[in-house]
Amino acid sequence: MNRRSSTLTLKNISKNFIQGNEQLHVLKNVNLEIKQKEIVALIGPSGSGKSTLLQIAGLLDDPSGGEIYLNGTLCSGASDKLKTELRRDYLGFVYQYHNLLPDFDAIENVILPQLIAGVKYKEAADKAKWLLHRLGLDERENHRPAELSGGEQQRVAIARALANTPKLLLADEPTGNLDPNTSENVFSILMEVVRETGLSALVATHNIDLAHRMDREVQLKDGKLIDARASKFISNGENFY
């Protein structure tokens, strides 16, 4: 039996939107548990709700129903202040588009979130240098985003996501905007660093080959979550893995 504690637990998550006179049920009683050091692929076609689920898991959007736990702490219904603190202390985000600050160079983009979290400048700079070195960007740390290739920009974004030592990395199509060769390189580095740092990760991707290389695959289909390798619905807490 796997006795590792849970980094993320979603219980009976639903999400509804109003479109005109119609109510859209995007997520229907979704249950998911991610253990410490586990990397889970989230797959499904465009419009299936992958980004919505990541936004909810990242405390950036509220579910219509259900409960969210980070490291055992109930987060649903929490104040905006507490959610901000939880995002700062527990979560790292990587998106399809890097969203780097254009007026700051690579190392400054990785230093800034640490300063916001209260880390002293010297410590933040040392951490940023180490991350950029680990991601193969030693010689690019003083370049601004416009001076970097797409793959380099995304690697800086990964370094930024890891800067505050999160417990859980949430990645939404992190290689979706890259050519196949660059995508493979960035993905391999991302997985290596996640493994080395002992993070948990939930990675939304359209790339089935990449999904197969993660610990587990879950698929959103008609608003419900399926264990993609077992082809069965994850319907309640008793079916957590």
(request) At 0.36 nm per residue, minus the direct Cα-Cα distance, what do residue 191 and residue 142 gain on full extension? Give it in nm, one decimal, please. (result) 15.2 nm
(message) Need the full-extension length gain, residue 37 to residue 74, defined as separation in residues times 0.36 nm minus the C-alpha distance. One decimal, nm.
(response) 11.3 nm
(request) Kindly list the residues of the stretch 31-52 that lie in the label zone of residue 229, defined by a backbone N under 18 Å from the point 7 Å along the Cα-to-C-beta vector. (result) 32-44
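Taking the Kirkwood radius as the inverse of the mean 1/r across Cα pairs, report the Rg/Rh of the stretch 1-136.
Rounded to two decimals, Rg over Rh is 1.02.
What accessible area per residue, rounded to a whole number of Å², is obtained for the chain using a probe radius of 1.4 Å?
Numbers: 11820 Å² over 241 residues.
Result: 49 Å² per residue.
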(request) Could you please state how large a percent of the accessible area of the stretch 104-210 is carbon and sulfur, counting protein chains only and using a 1.4 Å probe? (result) 51 percent
(request) Using a cut-off of under 12 Å, list every residue of the stretch 173-205 whose amide N is near the label point 7 Å from the Cα of residue 149 along the Cα-to-beta-carbon line. (result) 179-186
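Of all alpha-carbon pairs in the stretch 26-103, indicate the percentage at a distance above 19 angstrom.
Details: 1284 of 3003 pairs.
For the stretch 26-103, the share of Cα pairs beyond 19 Å comes to 43 percent.
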(message) Students often get this wrong, so check it: of 127/167; 37/120; 15/37; 11/35; 81/120, which have C-alpha atoms separated by over 24 Å?
(response) 37/120; 15/37
(request) May I ask you to compute the full-extension gain from residue 212 to residue 62, defined as 0.36 nm times their residue separation minus their alpha-carbon distance, rounded to one decimal in nm? (result) 51.0 nm
(message) Please report the projected area of the stretch 119-196's Cα convex hull averaged over all directions, in nm².
(response) 5.4 nm²
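The values are calculated or read from the model by the stated rules, or taken from the named source; none is laboratory data. Predicted, not measured: the structure shown is a model, and the values here were computed from it. Neighbour counts run over all protein chains shown; Cβ positions are idealised from the backbone, glycine included. Keep in mind that these areas ignore ligands, DNA and RNA; they rest on the heavy atoms of the full protein, side chains included. Shrake-Rupley method; radii C 1.70, N 1.55, O 1.52, S 1.80 Å.
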